[in-house]
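Below: one structure, written as structure tokens.
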Amino acid sequence: MRSQAALPVTSNFFVDNGIGSTNDMINLAFSPEGAWFREEGTVLLANEFRMESPVYQTILTAVARGANEWSAISGTTGKVDVTAYLSRLENIFKLIEKRAPLNGRLAGKGVRYYLSDPFFKFWYRFVDPLDQRSLAARAQWPRLQEYCRENWPTYTGRTLEDWFLARYRSDREWDQVGPWWDRRGENEIDLVALSHAGKKIVFAEVKRNPERLDMHALHVKGEAFLKANGSLAGYTQEYRGLSLEDM
């Protein structure tokens, strides 16, 4: 997928314009001078997918807006079977990834799909939505910039989760690391780490702001995990709240 090669070009666009902070990046992206950056997503997708671009874009838009399960994604494309499209988006274009809850299987029930490309994560969140396009067409730059700033903590929260998942996976103490959710989606844990040798489990919630951590809720979710994974009930349990302060 050309977007992978385009990422350095996109970065150079900001570097060449002397951008050194998130605030400056937002101001440039949502300004007349940021037109090239905002149009890049449309150009990349049209060039890559060509005649089938509408189907792929429908799927990517659905995933970006939170339709993470196969049935929800399929419901956005009418009678089109999304199976092959999802496979190509994952394995050929590298734009999405499948995630299974810890102890689950990537071919089993409960699998979720997420955008994996950093550029398109931002583009689908802040540039592509109709409301944002309408504001850009009317040169409502202050409103676009403010919207991006207000939603930046939520947007980067997922990135922070990925950072902690990667850090725990790099630690040899843990045999398995990943997020977990139950089949109904009622209980979700940002990070679960298992040490079978040490018979230990860590349950962690990740928030940018440590004041938003809810440890009581995390304990409730941990109990749900243990109920669903009875063989781990005898493991020592530890509950952690992770934030920017723990990086």
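The values are calculated or read from the model by the stated rules, or taken from the named source; none is laboratory data. If you're wondering where the values come from, they're calculated on a predicted model, not measured in any experiment. A quick note on method: Cβ atoms are made from the backbone with ideal geometry, for glycine too, and the neighbour counts reach across all protein chains shown.
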### Task
Consider only pairs whose beta carbons are under 8 Å apart and that are at least six residues apart or on different chains; among these, list those whose first residue lies in segment 139-162 and is at positive phi and whose second residue is part of a helix (DSSP H, G or I) and not charged (D, E, K, R).
Ala139/Pro32
### Message
For segment 167-193, give me each residue that is assigned to a strand (DSSP E or B), farther than 21 Å from Asn209 by Cβ and not aromatic (Phe, Trp, Tyr).
### Response
Gln176, Val177, Gly178, Val192, Ala193
### Check on Arg2, in contact with a helix residue (DSSP H, G or I) (Cβ under 6 Å, 6 or more places away or on another chain), modelled with pLDDT under 95 and charged (D, E, K, R)
yes
#### Entry: Scope segment 194-247; condition part of a loop (DSSP other than H, G, I, E, B), of a type outside the set (S, T, N, Q) and in contact (Cβ under 8 Å) with a residue 24 or more places away in the chain; matching residues
Gly198, Lys199, Lys207, Arg208, Leu213, Gly234, Tyr235, Met247
### Selection from segment 29-66 of residues that are on the phi > 0 side of the Ramachandran plot and part of a helix (DSSP H, G or I)
Arg50
### Task
State whether one or more residues within segment 151-166 are acidic (Asp, Glu), in a loop (DSSP other than H, G, I, E, B) and either touching a strand residue (DSSP E or B) at 6+ places or on another chain (Cβ under 9 Å) or under 25 Å from Glu69 (Cβ atoms) (or both).
no
### Message
Being buried (at least 18 other Cβ atoms within 10 Å of the Cβ), not assigned by TED's automatic domain parsing to the domain that holds Gln176 and not small (Gly, Ala, Ser): is that true of Ile92 here?
### Response
no
### Summary
Being in the same structural domain as Tyr113 (by TED's automatic domain parsing), farther than 30 Å from Phe30 by Cα and in contact with a Phe, Trp or Tyr (Cβ under 9 Å, 6 or more places away or on another chain) narrows Glu69, Glu48, Glu40, Glu52 down to just Glu69
### Task
Being free of Cβ contacts under 8 Å to residues at least 12 places away in the same chain and assigned to a helix (DSSP H, G or I) is the filter; apply it to segment 112-134 and report the residue that is surrounded by the most Cβ atoms within 10 Å (Cβ to Cβ).
Arg133
